[in-house]
Amino acid sequence: FSLPALVGYALPERLDFTAQVLATLAIAGSGAYVFARVLRLGVIAAVAAGTIYELSGPMMGFLGWPIAGVMAWAGWIFAATVIVLRGKRRLGGIVFLSAAFALSVYAGQPGTVAVVVVSTPSARAGRELLRLGTDFGSSALLGAALSAPLLLPGAQLLSRSVFKDVQRVNQALPAQDVVNVLLQGFNGVPLARLGFFNVGTTAYVGVLAVVLAVTGFALCRRRPEVAALGAVVVVSLAVSFLPPVAALLNALPYRARWH
């Protein structure tokens, strides 16, 4: 039921896989573009965001695999989250967020897109917090209901799989691997020897994108959405590179490769 698969069904079988790959890229790029526009960025900035995201190492390294299909919906989920947070179109935001969540589940590898909500001073009142809890809770329930045909049997399969009994699934990456965010395959090992799923490919973002992101954070860090995205980056780096965090994740009853 994933959207790229539905697109593939409409075409001859020989074009199916190619159509799904192109549809995944289109979903990823357009989602980042819409997210940027929801944050009230200009058209050029939004186009840059969409282009950088769909051509980054994480997307291109896993393109054609279910994980990229899940990642493609990140921009749409972030955009819907901001709309729900603002509360101006409550029903539309709830439906939007639940649909984006369900479509990410149907992509086939129900990974988790972390959404950090940073409260502004005006959002600390009890009534506003109750509204946020109600809206996000409703979105989660509706999204789970929409994706139940895959989510429920997937959870049942996971509970009985060999992966559940793996004792150690998260290992912190070496600190030197953070360089791969800037320079693809920097460590001097030929990519062919590292294999397809090497960190040099899947971590790559690029110098230009990182400079733009750091500059944007420095200039707009007081905006709650920017602060929230900064928090997502900090949490992601901690999960990937800090051994104590990896050990904590390995102690959880639910096994997942968070990094």
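Over the stretch 2-93, with every protein chain in place, what whole percent of the accessible area is carbon and sulfur at 1.4 Å, could you tell me?
71
Note the full-extension length gain between L22 and T215 as 0.36 nm times their separation in residues minus their Cα-Cα distance, in nm to one decimal.
Roughly 66.4 nm would be gained on extension.
Testing the spin-label approximation: label points 7 Å from Cα along Cα→Cβ at A10 and R222. State their distance in nm.
4.6
Hey, what's the stretch 201-247 come to in accessible area per residue, 1.4 Å probe, Å²?
On a per-residue basis, 60 Å².
The values are calculated or read from the model by the stated rules, or taken from the named source; none is laboratory data. Because the structure is a prediction, the values reported are computed rather than measured. FYI the Cβ positions are ideal-geometry reconstructions off the backbone, even for glycines, and counts take in every protein chain you see. Calculation scope for accessible area: heavy atoms of the full protein, side chains included, ligands and nucleic acids excluded. Shrake-Rupley method; radii C 1.70, N 1.55, O 1.52, S 1.80 Å.
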